[in-house]
Amino acid sequence: MDWGSASPFSLGWWVVAQDDFIHDNRRIPKNAIIRYREWYGASGPNKGLKLPADAVAKEVVRRETDGRGFREPIAYGILDPAAFAVVSGPSVGETFARHGVYFRRADNSRVSTPKRMGGWDQVRWRLKGDEDGDPLIFFVDHCRDAIRTLPMQQHDDNRPEDLDTEGEDHAVDDIRYACMSRPFGARIEADEDLNPLMIRNAFKLDELRD
């Protein structure tokens with residue numbers, strides 16, 4: 001979840017494909033993530049609902065509970081780490097927890113660093129897909145705000161690997177958190193990793209087996 005009050009918040013519900021399967025004549029690969037529900041808290045273009053955290057938490061519980069009172073099991077939730085900041089009174093994250101909506105801090109890495117893939121690379125990697133050309137991230141058609149805002153993102157003029165944060169990036173940040181919670185290809189080999197003078201490489205230690 002990407003939290004916001006004066007600006008929109010974005011909450012997505014995801015499921016992970018446990019095996020390859022065919023849907024609508026296309027292949028959904030194993031380990032693909034699928035956004036099957038969302039709640040985008042906006043009152044207008046890039047304007048939030050200005051709801052307090054407790055009201056949002058109660059609505060989340062309602063949306064996860066069916067008419068018989070059964071609440072769907074959620075394996076884990078991730079929330080914008082800024083929402084755990086304590087300014088005056090309980091943080092947004094603590095308020096959610098008091099109402100039965102539990103989150104852990106999302107990995108807020110945006111760009112890649114040596115040996116570690118950043119959030120936007122994770123999103124691009126999943127959009128690009130596997131070796132067969134099938135994407136590893138999907139959106140059901142009623143996740144309209146994610147589908148609407150993802151293609152419209154612009155690069156930051158001063159930091160080309162990052163996005164322009166002045167845009168409507170709330171659903172996209174929510175997507176980035178989801179991708180970072182189940183990273184793929186997170187290790188990026190730097191040039192020194194391939195240096196033949198390194199002991200590990202000279203003696204091929206990585207190839208030794210028990």
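The values are calculated or read from the model by the stated rules, or taken from the named source; none is laboratory data. This structure is a prediction, so every number in the text was calculated from the model and none was measured. For neighbour counting, all protein chains shown are included, and Cβ atoms are generated from backbone atoms with ideal geometry for every residue, glycine included.
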*Considering the stretch 70-111 alone, what residues qualify as being modelled with pLDDT under 95, of a type in the set (S, T, Y) and surrounded by 14 or more Cβ atoms within 10 Å (Cβ to Cβ)?*
S109
*Taking the stretch 134-167, which residues are in contact with a Pro (Cβ under 9 Å, 6 or more places away or on another chain) and within 18 Å of A32 (Cβ to Cβ)?*
D134, P135, L136
*Go through (1) assigned to a strand (DSSP E or B); (2) within 16 Å of P29 (Cβ to Cβ); (3) of a type outside the set (D, E, K, R) and name the single condition W125 misses.*
(1)
*asked:* If I go through the stretch 13-50 residue by residue, how many of them are part of a strand (DSSP E or B), among the charged types (D, E, K, R) and surrounded by fewer than 11 Cβ atoms within 10 Å (Cβ to Cβ)?
replied: 1
*asked:* Can you list residue pairs whose Cβ atoms sit under 8 Å apart, with the first residue in the stretch 3-26 being modelled with pLDDT under 95 and the second being assigned to a loop (DSSP other than H, G, I, E, B) and of a type in the set (D, E)? Count only pairs 6 or more apart in sequence or on different chains.
replied: R26/D134
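Which residues, counting only those in the stretch 160-190, are modelled with pLDDT under 80 and of a type outside the set (S, T, Y)?
P160, D164, F184, G185, A186, R187, I188, E189, A190, listed by residue number.
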